[in-house]
Amino acid sequence: MEETLLTLDQDTTCTAWNYSGQRLAAGSINGTLAIYDSKDPASSSFTCTSRFKVQETSILKIVWVPPEFGDAVACICSDGSYSLWEEVVEDADILQWKLCKRFDRNSSRVLDVQFGVFATCLKLVAAYSDGQVKIFDLLDPLDLINWQLQAEFQNVIESTSKFGRPSCLSAAMCWNPQRGELQQSSFVLGFNSDILQLNSSKVWEFDQDHQRWLPVAELALPEDKGDQVFAVEWAPNIGRPYEVIAVATCKGISMWHVGSNHDPNGRLSVERVALLSGHNGEVWQMEWDMSGMTLATTGSDGVVKLWQSNLNGVWHEQALFEPTS
Amino acid sequence: MPGMTSDSGDHSTSVVPISPNPQPTTYPLNHGLKPPIARLSISWARGNTLRVTVLRQPQPSAANGEEEAGGKVLEVKLSDNRDGEIDDAQWRRIAYGSVTPFALLQSRKNSTSTLSKISALDSTEWWQYIMEYSREINSLLGNPKTSPSLAIEDQKTVLKDVQKPTCFKAAWELMEIFYADQHSQAWIPERLLDWLADYDCLFSGTQPTVHSELVNFQKELVTRQAVEDHPKYWEAISSTLAIGWLEIGVKLLRLHGSYDFDQLGSRETENGLVEAVAVLISKMPRLRADLGADKLGECYKNKPDFVKAWEKWQAQITKLDCSAFWLQCEHHQTRDGLKNILQTMLGNSTSLSNATFHWMELYIAHFLYIRPFTAGLESMYNLAQKCMQIKPVSGHHKLIGLLIGILGENPEVVLAECSKSFGSWMMAHAAELLAAGNIQAEMLLQKEQFQLGGICIEELNRLVYAQVLSSHALTWQIAPIYLSSCMKQGMGLLETVLSKQALQHDQVLLKSIEICRLYELGTVSSNLMKITAVHDWKHGKKGSGVFWLQQARDEVRLNRIAKHLFDFVGKSLSDGSFKQWEGLIELLGPESGIAGGLEFLNKYREFRRSLQQVHSGTATDAAQRAAEALISLMKNPSTPQRFWLPILHDSLKLFNWAGRPLLNVSQTNVLLNKLQELSMARLRPDFVNADLPPEALNSVRLAIATNLGRAILEE
């Protein structure tokens, strides 16, 4: 049933597949990034095509840039910085990975970055250990060098309240995967921090009229608002009248339906339709399949689970994969 | 949406979430890494392929310097339940083969649904369409006939060696009988009999069947003399007759020793009795439309005729049973064997039960000899229940599950069985039969389900199947056919399928664009082109990059490129840097008007080229062409103002052309106006000063004025 696609270097810390599943980037503890490619779409054999040093410290996470902006990745390193690297062929026809931009660490570490595309603009949202969120716009669509800070805020509903020095362990973010011309740019964000108000997952939407980001929904029941969030994943929507977002907290994995129309206060209607037992601890990662009907999750119990809803809307664990040596 | 792979045993792993709440199935993932495992990471690849990265805890380097693997990436295909019956290549053949019948049926459906209501006449036509569809799909699933037919060639071969049929085909035919074939409604028992004849071997796996017993007996037959002495011989005949395999029964009877030439004299009565039974068997009345040429029995198409014939036939059997000849038959195995056969034919339930193994066989025997007039699903269902009680089976057989669902008139069970045992291909294709043959099923399939985001089960089935198709590089291209028949979410999924294609491969790119064109997915198509364009642009294929950007009508990026090229405009003619971009601009072609900047560049290139010729020679023709190019360039609104002066400065030689003025009065005026405008613009703060000697403006003005003077004189 399972097939081994490739064997990774010693001390690999993280991997990420590109949009088509034809390239894999793998980061290691000594700051090296390896790129694996497959020659043709039908083949399942991958070979390492590039290997280069990103940083002197360990790579924690790799995020691919959307393909219409090039073959590029963002690497988050353990020193709290992150950098953008791009594959280019320049003079003399030599293929190389080039550093486009380094976002150095200042007072806080970066926890996560995610890319979103709206109209023709590439946006980068980065969450930091001090609970700040920064959104950058790419200025030139053909060049990943110049980024402009577009907004900076904290993950709280009441913008008046500011929290002094939160300490965040991790952040979970996901852009709305839909990208129609009319689509508002929006993403969902939650924290695992010591400030309860920051934690709960909120859906942020860009208000075109006032040119600012607004929280339009909060994905937590009143009694759960302080729960640490481990992972969030926005489901692809191929035609549902509502959005589905999975949120993993210390209490388990909850499925949220989010309506598409704003109420007079500018909020979206939300409903928690399921709370699933999850992984007896931290959830590391959640991934929706292409139809948005099956959720794959993995966590600290070391297994992979698949979740589906039946016709009555009841979510259940459909299958479990247990790694064995 | 996954359907699980085959080794799921008996667990429910339905693709479509119809079953209430299945227990999750656990699958091992063998990675072969040494513990400790630090982390897993997951990613969906094409379709419903899941990739799992298993990472080891980073270790201090091993003392012996031996590098160990730091992790493995595994791919798990959550494809379908095919039980290994059909290999991948065969499966793809079926997938491709079913596209045309499916698409044809959909288009027929669409055209009939536009006529408000299907009239009676259309309805017969409609059933023809359904049958045509069913037959075509059926033919993909295996050889047309695999029944245990008579082997004439070798008199001792009772069963032909045939390729084992698949459960897929058996299931399809079962649904065809009950849902699609309107003609079979009157003689469903006989259709089931034929069906069992084809597929009895599929039940042999876990328990004996008539088929498996017959296979065993045949092995013995080759070595046996005087078969009639052996009880197995008589059992085999009874069994074959009980389930209606008359030809085999008769063939076996005629292997009786009394037929041998040297025996005829002494065993005349015995032989007479055997033959009498054989003749009776071959005259058995059958309530069915027709019988194959090599089949025994007599066909009756309507019930009254059949009833008459049936009674007459039974009377003949009874008469033979009471005949005095039995007393003269000295071979007691023959006498007992034949008597038992007559009991079977007379519908003695004990004989029938003894002669059959699987309850399905007993069920068929009941139809043949005890209740030949059974009709209606309800009584068929009750009879099936009764037979199952008599011959209970251990374990669940997928065909039986399906049959019970059909007989129980429970479309939900049928769907669940199809989904559980046969996977998404069956779900997507058999739903057509189900919906055609059963109103309840049709309603179930077409009811919009809020929990599924407003789609119906029929659409869900197709989406699931399309997702399975898109899991493989060789089948994703046919997924759009199924998605286009999904009213609500088909196009949404198609967009996603397309956006995950590996566009670095030309064939994939072109195919994707073609699909976008067919289904009018302009935005998707232009996005695919942009991805290709940016990839090419950044990988040293600038020309191809620009080409795809133009195809995508991506003005934002094209304008960026144009701005980049502007840096080379106005550089001195001898400067080689423009040369390297010339080819690119050439490639943009005269139609590159989509971004203004590129149009300018193209005209500029023309101008530069003609100017080059002027500098290298003195031909007035060339100079005249250059002058025209200059005017065209200066008149064009897309020519940026900051290039006016450099262009005019480049053209000094034209204004001072020795032979005659190259520009007429009105042309010269155009240039003078531009100069005027330029003088005004210099006063503005955002004016960009051209990289030219300070006296450039004056020398240009002087030259144009001179040209004007000469032109006026000329005119």
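What follows is calculated from the coordinates using simple rules that are stated; it is not laboratory data. On a predicted model such as this, the values are computed, not experimentally measured, just so you know. All Cβ positions, even for glycine, are placed from backbone atoms using ideal geometry, and neighbour counts span all protein chains on display.
For peptide B:24-37, compute the average count of partner chain beta-carbon atoms within 10 Å of each residue's beta-carbon.
Per residue, the average neighbour count from other chains is 5.
What is the order of B:M427, B:M131, fewest Cβ neighbours within 10 Å to most?
B:M131, B:M427
As a footprinting exposure proxy, order B:C418, A:C48 by other Cβ within 10 Å, with the fewest listed first.
A:C48, B:C418
Using only Cα atoms, figure out Rg for chain A and give it as a multiple of 2.2 N^0.38 Å.
Computed over Cα atoms of chain A, the ratio equals 0.99.
If amide H atoms are built 1.01 Å from N in the plane of the peptide, which residues on other chains or at least 5 residues away come under 5 Å of the amide H of B:E298?
For B:E298, the qualifying residues are B:M284, B:R286.
How much net charge surrounds A:L60 when only other residues with a Cβ under 12 Å from its Cβ are counted (Lys, Arg +1; Asp, Glu -1)? Provide the component values of the computation, followed by the final result.
Numbers: positive: A:K61, A:R109, B:R39; negative: A:D79, A:D112.
Net charge in that neighbourhood comes out at +1.
When chain A is modelled as a GNM with alpha-carbon springs shorter than 10 Å, which of A:A217, A:A127, A:A16 fluctuates the most?
A:A16
Where does chain B land at 222 nm, in deg cm²/dmol rounded to the nearest 500, when only DSSP H runs of n ≥ 4 count, each adding -39500 (n - 2.57), divided by all residues?
Rounded to the nearest 500, it is -17000 deg cm²/dmol.
What percentage of all Cα-Cα pairs in the range A:1-105 are separated by more than 22 Å?
Here the long-distance tail beyond 22 Å is 29 percent of all Cα pairs in the range A:1-105.
Report, in degrees rounded to the nearest 10, the 0 to 90 angle that the Cα long axis of helix B:188-199 makes with the longest principal axis of chain B.
80 degrees
Output the direction-averaged projected area (hull surface divided by four) of the convex hull of the alpha-carbon atoms of the range B:169-208, in nm².
2.9 nm²
In Å and from the alpha-carbon atoms only, list the Rg and Dmax of chain B.
According to the Cα coordinates of chain B, Rg and Dmax are 42.0, 143 Å.
Under the 0.36 nm per residue contour assumption, what length would be gained going from the current alpha-carbon distance of B:I370 and B:R224 to full extension?
Values: separation 146, 0.36 × 146 = 52.56 nm, distance 3.39 nm.
Roughly 49.2 nm would be gained on extension.
Whole Å is fine, so just give me how far the alpha carbon centre of the range B:350-370 lies from that of the range B:159-206.
The range B:350-370 and the range B:159-206 have Cα centres separated by 17 Å.
HN-Hα J couplings of the range B:658-663 from phi, Karplus 6.51/-1.76/1.60, θ = phi - 60°, integer Hz, Gly and Pro as x?
5, x, 8, x, 8, 10
Which residue, chosen from A:L276, A:N146, A:L219, occupies the Cα position most advanced towards the positive end of the dipole of the range A:106-324, where the dipole is computed from +1 (Lys, Arg) and -1 (Asp, Glu) charges on Cβ about the Cα centre?
Going by the charge dipole, the pick is A:L219.
Please give the peptides B:373-379, B:184-190 ranked by average Cβ packing (other Cβ atoms within 10 Å per residue), highest first, as a rough proxy for protection.
B:184-190, B:373-379
What percent do you get for the relative contact order of chain B when only Cα pairs under 8 Å and 6+ apart count?
In percent, rounded to a whole number, it is 10.
Which value in nm describes the separation of the simple spin-label points at B:N348 and B:S139, placed 7 Å from the Cα toward the beta carbon?
Calculated label separation equals 4.7 nm.
Once fully extended, how much extra length lies between A:I94 and A:C250, figured as 0.36 nm per residue of separation less the alpha-carbon to alpha-carbon distance?
This chain segment gains 51.3 nm when fully extended.
Most fluctuating residue of A:I35, A:I76, A:I94 in a GNM of chain A with Cα springs under 10 Å: which is it?
Its mean-square fluctuation being the largest, the pick is A:I94.
Along Cα→Cβ, 7 Å out, is where each label goes; now give me the distance between the ones at B:Q641 and A:I145 in nm to one decimal.
2.8 nm
Let me know the whole percent of all Cα-Cα pairs from the protein assembly as shown that are separated by more than 39 Å.
Every Cα pair in the protein assembly as shown considered, those over 39 Å come to 60 percent.
After finding the eigenvalues of the alpha carbon gyration tensor for the range B:265-330, what semi-axes result from the square roots of 5 times each, listed largest first in whole Å?
Square roots of five times the eigenvalues give 28, 15, 5 Å.
Only counting other Cβ atoms within 10 Å, I'd like A:R272, B:R39 sorted with the fewest neighbours first.
Least crowded to most crowded, the residues run A:R272, B:R39.
With +1 on each Lys and Arg Cβ and -1 on each Asp and Glu Cβ, and nothing else charged, work out how big the dipole of the protein assembly as shown is about its Cα centre, in Debye to the nearest 20.
It works out to roughly 1840 debye.
Summarise the partner chain shielding of B:526-539 as one whole number: the mean count of Cβ atoms from other chains within 10 Å of each residue's Cβ.
5
Averaging sequence separations of C-alpha pairs under 8 Å and six or more residues apart, then dividing by the length of the range A:106-324, give the relative contact order as a whole percent.
On the way: 549 pairs, mean separation 24.6, N = 219.
After rounding, I find 11 percent.
Dividing the alpha-carbon radius of gyration of the range A:197-320 by 2.2 N^0.38 Å (N being the number of residues), what value is obtained? Mind showing how you got there, number by number?
Numbers: Rg = 14.8 Å, N = 124, 2.2 N^0.38 = 13.7 Å.
So the range A:197-320 has a normalised radius of gyration of 1.08.
Take the alpha-carbon centre of the range B:633-672, take the same for the range B:487-560, and report the distance between them in whole Å.
41 Å
For B:E695 paired with A:V314, estimate the spin-label separation in nm (one decimal), with each label point 7 Å from Cα along the Cα-to-Cβ line.
For the pair B:E695/A:V314, the computed spacing is 9.5 nm.
Measure nothing fancy, just the Cα-based angle from helix B:332-345's long axis to the longest principal axis of chain B, in degrees from 0 to 90, nearest 10.
60 degrees
So, R0 is 25 Å and r is the distance between the beta-carbons of B:N656 and B:E677; what FRET efficiency does that work out to, to 0.05? Don't jump to the answer; show the numbers that get you there.
Details: r = 23 Å, r/R0 = 0.91.
The calculated FRET efficiency here is 0.65.
At 0.36 nm per residue, and after removing the present C-alpha to C-alpha distance, how many nm does the segment from B:E275 to B:F566 gain when stretched out fully?
Length gained, B:E275 through B:F566: 94.4 nm.
Using only Cα atoms, figure out Rg for the range B:206-373 and give it as a multiple of 2.2 N^0.38 Å.
Numbers: Rg = 15.7 Å, N = 168, 2.2 N^0.38 = 15.4 Å.
So the range B:206-373 has a normalised radius of gyration of 1.02.
A:S269 to B:W127: FRET efficiency via 1/(1 + (r/R0)^6), r the Cβ-Cβ distance, R0 51 Å, to the nearest 0.05?
0.60
Counting each DSSP H run of 4 or more residues in chain A as -39500 (n - 2.57), what helix-only mean residue ellipticity at 222 nm follows after dividing by all residues, to the nearest 500 deg cm²/dmol? Please list the in-between numbers first.
On the way: 1 runs with 4 residues, N = 325.
Calculated mean residue ellipticity at 222 nm is 0 deg cm²/dmol.
Go through B:T25, B:Y259, B:G70 and say which Cα lies farthest out towards the positive end of the charge dipole of chain B; charges sit on Cβ, +1 for Lys and Arg, -1 for Asp and Glu.
So the residue we want is B:G70.
Tilt of helix B:88-97 relative to the longest C-alpha principal axis of chain B, in degrees (0 to 90, nearest 10)?
That works out to roughly 80 degrees.
Explain nothing, just compute: Karplus ³J(HN,Hα) = 6.51 cos²θ - 1.76 cosθ + 1.60, θ = phi - 60°, for every residue of the range B:349-360 in order, whole Hz, x for Gly and Pro.
5, 5, 4, 5, 5, 5, 7, 10, 10, 7, 5, 4
Within 10 Å of each Cβ of B:408-421, how many other protein chain Cβ atoms are there on average?
Mean partner shielding for this stretch: 0.
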